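Working notes, structure below.
The values are calculated or read from the model by the stated rules, or taken from the named source; none is laboratory data. Just so it is clear, the model here is predicted, and its values are computed rather than measured. No Cβ is skipped: glycine too gets one built from the backbone with ideal geometry, and neighbour counts run over all protein chains shown.
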Amino acid sequence: MKLTGVDLLRVRMPLVSPFRTSFGTQAERELLVLRAVTSEGEGWGECGAMVDPLYSSEYVDGVEHVLRTFLVPALLAADDLTANKVAPLLAKFKGHRMAKAALEMAVLDAELRAHGVSFATALGSTSDSVACGVSVGIMDSIPQLLDAVGGYLDAGYLRIKLKIEPGWDVEPVRAVRERFGDDVLLQVDANTAYTLSDVPQLRRLDPFELLLIEQPLEEEDVLGHAELAKHIRTPICLDESVVSARSAADAIRLGACRIVNIKPSRVGGYLEARRVHDVCAAHGVPVWCGGMIETGLGRAANVALASLPGFTLPGDTSASDRFYRTDITEPFVLEGGRLPVPSGPGLGVTPIAERLAEVTVAKSWLTD
């Protein structure tokens, strides 16, 4: 098919409550949504980058620039475009995985819609629903945290993830275990907030029988994670460190992780995310799907990915109302701790025009 143009929409959506991690607090989500127009129809993409380069080096203004200046023109010049050709066509441009992922997602959606095939089917789904966990931000107090966790458990979430940082780690975990018991599936996420000098503190988490500790050290410190693994019993899960199937294979070989969090935007797209899944499955390493506070577009794609067989742990594929009072698509609603996998062509969802217009703060059309 031929790409004829890309609508680039900057969207700003308030969160239901501020979400705090070790690298900052978000009260709203500002992101880029793409509409790829092709000779065979249109497709939608969503970029995981945040406004500031805090989670990763990419940020919304930078993504918009690289899309406008390099990535979109490269695809517009292609005569016979498919989703599988996106990565090779863009390979000469170093990095910018989140920008590339959004563009590939839009092209893949257009291609699959044209052929009447769902994201789930194309990726290799083996389930019609996925188990859901929820990510709980750093709170101002333990009682506030316990109220939040209790609410999520009452809502039916099957796994709780606590964001942690130095000074907010052992005591919050202890309080959640004491209040809700050992049967709750519980894990923690450090977002690179610790160093190897914190081994004694991180070892104090071992008695709580956590599912995992996610990305305790800096993203480039893979050897440090391998060393840390020798000193703690809690399984280490890598997030920011895994940017491709090759980096996942290297980390597993080095003993730096026993579990991998797959975020499609972080690894360059859903096709590479499937390759990460396959590498981990070949090594017997369980995976789960992380989140970047997606709208219904990204959530639909993530749920489809999370229905692959290697995703044996509940992911951060929460319902729409975890972060948004009103989504730009029909909302994803939790049922029995699970979300249904969309079965319609492509993503299986499309933005509701009025809702998308309400939250769009800037728009541009990119074409030849």
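Here are the numbers:
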{"read-out": "Members of region 83-111 that are surrounded by fewer than 19 Cβ atoms within 10 Å (Cβ to Cβ), assigned to a helix (DSSP H, G or I) and of a type in the set (D, E, K, R)", "value": "LYS85"}
{"read-out": "Unique residue being in a helix (DSSP H, G or I), buried (at least 16 other Cβ atoms within 10 Å of the Cβ) and β-branched (Val, Ile, Thr) when the list is ILE160, ILE252", "value": "ILE252"}
{"read-out": "Residue match in region 216-234 (condition: surrounded by fewer than 23 Cβ atoms within 10 Å (Cβ to Cβ), touching a Pro at 6+ places or on another chain (Cβ under 7 Å) and part of a loop (DSSP other than H, G, I, E, B))", "value": "no"}
{"read-out": "Test: residue in region 270-283 that is closer than 28 Å to GLU30 by Cβ, of a type outside the set (Phe, Trp, Tyr), buried (at least 24 other Cβ atoms within 10 Å of the Cβ) and out of contact with any strand residue (DSSP E or B) (no Cβ under 8 Å at 6 or more places or on another chain)", "value": "no"}
{"read-out": "Candidate set: region 321-357, residues that are closer than 27 Å to GLY41 by Cβ and without any contact (Cβ under 8 Å) to a residue 24 or more places away in the chain; chosen: the one surrounded by the most Cβ atoms within 10 Å (Cβ to Cβ)", "value": "ALA357"}
{"read-out": "Qualifying residue in region 29-36 (condition: more than 24 Å from ARG355 (Cα to Cα), touching a strand residue (DSSP E or B) at 6+ places or on another chain (Cβ under 6 Å) and hydrophobic (A, V, I, L, M, F, W, C))", "value": "no"}
{"read-out": "Output for region 80-99, where each listed residue is of a type in the set (D, E, K, R) and touching a residue at least 24 places away in the same chain (Cβ under 8 Å)", "value": "ASP80, ARG97"}
{"read-out": "Index of the failed condition, THR350 passing every other in (1) in a loop (DSSP other than H, G, I, E, B); (2) closer than 24 Å to ALA110 by Cβ; (3) in contact with a helix residue (DSSP H, G or I) (Cβ under 8 Å, 6 or more places away or on another chain)", "value": "(3)"}
{"read-out": "The one condition in (1) assigned to a helix (DSSP H, G or I); (2) buried (at least 17 other Cβ atoms within 10 Å of the Cβ) that ARG179 fails to fulfil", "value": "(2)"}
{"read-out": "Residue check, LYS263 at pLDDT 95 or above and under 25 Å from LEU223 (Cα atoms)", "value": "yes"}
{"read-out": "Residue satisfying condition, being touching a helix residue (DSSP H, G or I) at 6+ places or on another chain (Cβ under 6 Å) and closer than 25 Å to GLU218 by Cα, within set PRO200, PRO166, PRO172", "value": "PRO172"}
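Rundown of residues vs (1) in a loop (DSSP other than H, G, I, E, B); (2) over 18 Å from the mean Cα position of the chain (by Cα), yes/no style:
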residue	(1), (2)
ARG266	no, no
HIS277	no, no
ARG325	yes, yes
GLU358	no, yes
SER364	no, yes
